[in-house]
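Peer 1: Structure below; questions to follow.
The values are calculated or read from the model by the stated rules, or taken from the named source; none is laboratory data. All values reported here derive from a predicted model rather than from experimental measurement. Cβ placement follows ideal geometry from the backbone for every residue including glycine, while neighbour counts extend to all protein chains displayed. Side chains included, ligands, DNA and RNA excluded: accessible areas come from the protein's heavy atoms. Shrake-Rupley method; radii C 1.70, N 1.55, O 1.52, S 1.80 Å.
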Amino acid sequence: MPIPHARSGAVPAALLAFLLSPSVSAAPTAVGGAVLSPVAPADLPGFPGAQAEAALDAFRRVCAAPAPAQPQPDGVAGDPAALAEACTAAAGPVPDAAAFFRERFDAFRIDRPGADRPGFLTGYFEPELTGSLAPGPDFPTPVLARPDDLISLAPGETRPGLDPTLRAARATADGFAPYPDRAAIDDGALGAHAKPILWLRDAVDLLVLQVQGSGRVRLPDGHAVRVLYDGRNGRPYTAVAKLIVQEGHLPLEGLTLARWTGWLRAHPEIAKRLIRTNASYIFFRLAPVADPALGPPGAANAPLSPGRSLAVDSTLWRYGLPFWLAGPLPGAAQDGAPDAPGRLVIAADTGSAIVGPARGDLFVGTGPAAGVVAGNLRDAIGFVVLLPRRAAAPGAAP
C-alpha cells in the first residue's frame with residue numbers, strides 16, 4: 001500500500017519537526033530513477049511493527065558479519081559511516097528496539113514516477129532436500145564444487161574478447177573463454193574440473209537448489225548439511241517454470257513449486273529438455289548448519305533471518321539498511337497477523353532478478369512450508385528506506 005502524500009498546502013506537524021531536525025541525514029534525493037520523499041515515522045501506519053526486536057536482531061547479524069565476498073559498488077545509497085555508528089549502538093544494550101529505529105534512522109518513501117505499482121515483493125526460501133555424500137542408485141545427480149578455472153566477474157567488469165553480458169569466464173592457456181552452459185556441463189564439458197561435493201536424487205532437486213541458491217540436505221544418517229552458493233557460470237537464467245507455462249503444459253494460475261516440480265518428474269524427457277534450456281549453472285560448497293532457526297548466509301555474509309532478511313538491488317542499496325514494507329502482505333503472515341500494516345526488514349542479500357529501487361525478495365524460512373509461502377508471495381507493496389543519521393558532532397548546536 002503506498003504511503004499517502006500530505007494534503008496540498010498542509011505539512012503535518014510531525015513531518016515538519018522531522019524536516020527541521022538538525023540530525024536529518026544528508027540523504028540522496030533520488031536512487032535508481034526513484035524519488036526519495038522524507039516521511040515522518042509517525043505517519044507510517046504501524047511502524048515499526050509489533051516485533052521490532054526481531055528486526056534489530058537481523059540488523060545486528062548484518063553488522064557483525066564479515067565483509068561481503070562480492071564488494072558493493074561505490075555510490076550505493078546509505079552512508080557507511082552513519083551505518084557503522086548505528087551498528088556500534090546496536091551492539092550495546094538497546095532498551096527499546098522501536099525507539100532505536102525511530103531515533104537512529106530517517107525514513108524516505110521510495111516513489112517511482114509513472115509506475116503502475118509502488119513496488120514489488122516476492123519471496124524465497126531454503127529448500128530441504130535428501131542426498132548423500134556418496135553416489136548410489138538413490139542419489140545419482142552430482143552437486144558440483146566451484147571449478148578452479150572459473151573467473152567470476154563483478155558488475156561492469158569484462159575480459160578481453162568476451163561478450164560483456166557474460167558474468168563469468170573460463171581461464172585457459174590462451175586467455176579467457178565463455179564458461180560452458182548448463183547443457184555442455186551436463187554433457188561433461190568440465191572434465192576433471194567437475195568435482196562433486198554430494199549427490200541428490202534427481203536433476204529436479206538440483207534445479208530447485210540452484211534456483212534458490214542454497215539449501216539444506218538431509219543425509220541418510222539423519223544429519224543435515226548446508227549447501228551454499230559458490231559461484232555461477234555467468235550465463236543468462238531462464239525460469240523453467242515459465243517455460244512449462246509457455247508451452248501449455250500447466251496453467252499459470254495455481255502454479256506452485258510442488259506442482260511444477262512434480263510435473264517435471266512425471267515427464268522426464270520433456271523435463272530434461274526444459275532444464276537444459278536454462279543456460280545458468282550454480283556451483284556450491286558445504287557448510288555445517290550452525291543454527292537451525294536461521295537461514296544460510298546471504299550476500300551480506302550474515303545468516304538470513306526468516307521474515308526479516310530482504311534481498312535488494314545491491315547496486316543501489318547498501319547491505320544493512322532497514323526497509324519498511326508499507327502495507328499488508330497477502331502472501332505472508334507478518335508478526336503473526338496477515339493484515340498487519342507493514343513489516344520492518346533488513347537488506348541482507350541480493351539476486352540477479354532483484355533489480356530496481358522498489359524491488360525486494362523476502363527470505364521466509366526453510367523447508368516445504370516455507371516453499372509454499374515463498375511461492376505465494378508476489379505482492380505490490382510500498383517501500384520505505386531507513387537511512388542512518390550521523391551523530392551530531394560534539395559542541396554542535398542542538
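Peer 1: Just the number, please: carbon plus sulfur as a percent of the accessible area of the range 116-275, 1.4 Å probe, no ligands or DNA/RNA counted.
Peer 2: Roughly 56 percent, rounded to a whole number.
Peer 1: Please calculate how many Å² of accessible area the range 56-119 carries per residue, with a 1.4 Å probe and no DNA, RNA or ligand atoms counted.
Peer 2: 51
Peer 1: Something else: Work out the length of the dipole vector of the range 260-329 about its Cα centre, built from +1 on the beta-carbon of each Lys and Arg and -1 on the beta-carbon of each Asp and Glu, and round it to the nearest 20 debye.
Peer 2: Taking the Cα centre of the range 260-329 as origin, the dipole is about 240 debye.
Peer 1: Here is a follow-up. How far, in nm, would the chain grow between residue 53 and residue 390 when pulled straight, counting 0.36 nm per residue and subtracting the alpha carbon separation?
Peer 2: Separation in residues times 0.36 nm, less the Cα-Cα distance, equals 119.1 nm.
Peer 1: Taking a point 7 angstrom from the Cα of residue 247 along the C-beta vector, which residues in the range 264-294 have backbone N less than 18 Å away?
Peer 2: Output list for this probe position: 264-280.
Peer 1: Additional query: Could you give the nm distance between label points at residue 256 and residue 201, where each point is 7 Å from its Cα heading toward the beta carbon?
Peer 2: Going from the residue 256 label point to the residue 201 one covers 1.7 nm.
Peer 1: Same structure, new question: Below 11 angstrom from the Cβ of residue 86, what's the summed charge of the other residues (Lys, Arg +1; Asp, Glu -1)?
Peer 2: Computed value for this residue: +1.
Peer 1: Show 211, 355, 289 ordered by accessible area, largest first, where the area counts protein heavy atoms only and the probe is 1.4 Å.
Peer 2: My answer, sorted largest first, is 355, 211, 289.
Peer 1: Follow-up question, since we're still on this one. Give me D for the range 103-182 in µm² s⁻¹, whole number, from Stokes-Einstein with Rh from the Kirkwood sum over alpha-carbon pairs, 10 °C and 1.306 mPa s.
Peer 2: 87
Peer 1: Now for a different question. Which three extents, in whole angstrom, do the alpha-carbon atoms of the range 126-246 cover along their principal axes, largest first?
Peer 2: Each principal axis gives a Cα extent; for the range 126-246 these are 48, 37, 24 Å.
Peer 1: Could you list the square roots of 5 times each eigenvalue of the Cα gyration tensor of the chain, that is, the equivalent ellipsoid semi-axes, sorted largest first and rounded to whole Å?
Peer 2: Listed largest to smallest, the semi-axes of the chain are 40, 23, 21 Å.
Peer 1: Not counting the cut sites, what is the longest span of the chain without GluC sites (Glu not before Pro) that DSSP labels loop and that have at most 11 other Cβ atoms within 10 Å?
Peer 2: Value returned for the longest uninterrupted segment is 1-156.
Peer 1: Let me see the pair-distance distribution of the range 226-320: every alpha carbon pair, 5 Å bin width, integer percents in order.
Peer 2: For the range 226-320, the pair-distance distribution reads 2, 11, 15, 14, 17, 19, 15, 6, 1.
Peer 1: Using a 1.4 Å probe on the protein heavy atoms only, what accessible surface does residue 354 show? Give it in Å² to the nearest 10.
Peer 2: Roughly 10 Å² of residue 354 is accessible to a 1.4 Å probe.
Peer 1: What is the local net charge at residue 123, summed over the other residues whose Cβ is closer than 10 Å to its Cβ (Lys, Arg +1; Asp, Glu -1)?
Peer 2: -1
Peer 1: With springs only between Cα atoms under 10 Å apart, run a GNM on the chain and tell me which of 88, 261, 350 wobbles the most.
Peer 2: 88
Peer 1: How much length, in nm to one decimal, is gained on full extension between residue 157 and residue 115, taken as 0.36 nm per residue of separation minus their Cα-Cα distance?
Peer 2: 12.1 nm
Peer 1: Compute, for residue 267, the solvent-accessible surface of its heavy atoms (probe 1.4 Å) with the complete set of protein chains present, and express it in square angstrom to the nearest 10.
Peer 2: Accessible surface of residue 267 is approximately 70 Å².
Peer 1: Take 117, 159 and sort them by solvent-accessible surface of the protein heavy atoms, 1.4 Å probe, largest at the top.
Peer 2: 117, 159
Peer 1: What per residue convex hull volume, in Å³, comes out for the range 198-243 when only alpha-carbon positions are used?
Peer 2: Hull volume over Cα atoms, normalised by residue count, gives 86 Å³.
Peer 1: Please name which of 219, 169, 233 has its Cα lying farthest along the dipole of the range 168-309 towards the positive end, using unit charges on Cβ (Lys, Arg +1; Asp, Glu -1) and the Cα centre as origin.
Peer 2: Result: 219.
Peer 1: Taking 0.36 nm per residue of sequence separation and subtracting the Cα-Cα distance, how much length would be gained by fully extending the chain between residue 228 and residue 293, in nm to one decimal?
Peer 2: 21.8 nm
Peer 1: Rounded to the nearest whole Å², what accessible area per residue is found for the range 142-261 with the 1.4 Å probe?
Peer 2: The answer is 49 Å² per residue.
Peer 1: If you wrap a convex hull around the alpha carbons of the range 50-125, what volume per residue comes out, as a whole number of Å³?
Peer 2: So the per-residue hull volume is 165 Å³.
Peer 1: In the range 279-382, what percent of the accessible surface is made up of carbon and sulfur (1.4 Å probe, ligands and nucleic acids excluded)?
Peer 2: Of the solvent-accessible surface of the range 279-382, carbon and sulfur hold 59 percent.
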